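Before any comments, here is the structure.
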Amino acid sequence: MADSGILACASAPAKTILFGEHAVVYGHPGIAIPLPSLRLDVTITFSARSRIVSRQVGLNAEIDSIPESDPVGKLTRLLAERFGMPPVPIAIRINSKLPVAAGLGSGAALSIAIIRAYAQMMRIAITDSEVSEIAFEIEKIYHGDPSGIDNSVIAHEKPIYYIKNKTIEPIETPVELPILVVDSGLKSATIDVVADVRRRFPGNRPILEAIGKLTSEAVQALKAGDLPALGTFMNENQRLLHNLTVSCGEIDRIARLALDSGALGAKLTGAGRGGNMVILAADHAQKKRLEQILAKSGVTVRS
Ligand code: PMV
């Protein structure tokens, strides 16, 4: 029988970390912003049999057949425990523009859109903080040892200054940042990179501390809309991430190309060793020019 009747729908944005990835896992600050134009949508419909479907990742499975070790399996069980079983068999349909394993928070966005749609279907009001807290449980499967910055910025959908278990402070920016998010084209699993940084701890502690110090200074530049200062902080953050061994040849190449073409700053975003990068232009006209230069050299512009 074909699915019919929409019970609920919700969406969640991608995110980019401007400063502090990895260091944020160790209690240092991180700064992240949502990417509202890059979204993942979830629709819940009536269905003859309960299932979960995503064309993008080729998923079409019975909800109950997904093991608890899988993030979606764990999430659907958690939601049934917390909000009750669905009143009828349902299909959860995912439609996403977010690349997976690419540093843009696709895992957190998926959890958050499902949580919001499920609560809506059950007619339960839920705060952004509650959404974030449930998604954090699932982040543990994706990341192993998550800081919580991804679920926080995506649930609140605002730029945030974040310290693990301590601070989620919204940041007001006086200007719309002329940033580009571009894909290195290399997939990278966050859980592996985070585990490798952990293996190298405490030898890499001075680098993580330097990233934390830089992030606490960069937040002032962000609040002031001081783009040249922000660019300098981004380049210094990238240099430290390189020393942390989480950059890679392709990211270094794209950063060099962007800076040689006039960008103010360029760095990886998220776990690194592939995935996406964030590039700061001097203004929106230059952003357009950079977009063309990068696209011509084979780089995918995501946002
Ligand atoms: O790769 P992403 O988008 O999942 O971001 C990971 C960010 C880290 O700081 C490396 C890990 C974390 O939990 O904060």
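The values are calculated or read from the model by the stated rules, or taken from the named source; none is laboratory data. Bear in mind that the values here come from a model prediction, so they are computed numbers and not experimental data. FYI the Cβ positions are ideal-geometry reconstructions off the backbone, even for glycines, and counts take in every protein chain you see. Ligands, DNA and RNA are stripped out before the accessible areas are found, and what is left, the full protein with its side chains, is counted by its heavy atoms. Shrake-Rupley method; radii C 1.70, N 1.55, O 1.52, S 1.80 Å.
Adding -39500 (n - 2.57) for every DSSP H run of four residues or longer, then dividing by how many residues the chain holds, sets the calculated 222 nm ellipticity at -13500 deg cm²/dmol. When +1 charges are put on Lys and Arg Cβ atoms and -1 charges on Asp and Glu Cβ atoms, the dipole computed for the stretch 176-301 relative to its Cα centre reaches about 260 debye.
For the chain, the carbon plus sulfur part of the accessible surface works out to 54%, probe radius 1.4 Å. Looking at the chain, the DSSP beta bridges with both ends there are about 90 percent antiparallel. Between residue 88 and residue 189, the modelled labels are 3.9 nm apart [label points 7 Å from Cα along Cα→Cβ]. Would you mind getting me the FRET efficiency between residue 6 and residue 158? Use the beta-carbon distance for r and R0 = 41 Å, nearest 0.05. In this case the efficiency is close to 0.90. By the rule of a C-alpha distance below 25 Å, with chain neighbours fewer than 8 residues away ignored, the lysines paired with residue 288 are 15, 97, 158, 223, 267, 296. The modelled label-to-label distance for the pair residue 226/residue 69, using points 7 Å beyond Cα in the direction of Cβ, is 5.0 nm.
Relative to one another, the C-alpha centroids of the stretch 260-303 and the stretch 48-71 are positioned 35 Å apart.
The stretch between residue 176 and residue 77 holds 31.7 nm of extra length on full extension. This uses 0.36 nm per residue minus the Cα-Cα distance. With Cβ to Cβ distances under 11 Å as the rule, what net charge do the other residues near residue 17 carry (K, R +1; D, E -1)? Neighbour charge sum, excluding residue 17 itself: 0. Mind telling me which of 156, 28, 284 comes out most flexible in a GNM of the chain, alpha-carbon contacts under 10 Å? Looking only at 156, 28, 284, the biggest GNM fluctuation is shown by 284. Based on protein heavy atoms only, the chain ends up with 43 Å² per residue of surface accessible to a 1.4 Å probe.
Partner lysines whose Cα lies under 17 Å from the Cα of residue 74, excluding those fewer than 8 positions away in the same chain, are identified as 140.
Modelled this way, with points 7 Å down the Cα-to-C-beta line, the labels at residue 259 and residue 301 are 2.2 nm from one another.
Relative to the current alpha-carbon distance between residue 59 and residue 209, full extension at 0.36 nm per residue lengthens the span by 49.9 nm. For the residues 223, 296, 166, a 1.4 Å probe over the protein chains yields an accessible-area ranking, largest first, of 296, 166, 223.
Straight-line cross-link reach from residue 213 at under 16 Å between alpha-carbon atoms covers these aspartates and glutamates, not counting any fewer than eight positions away in the same chain: 21, 236.
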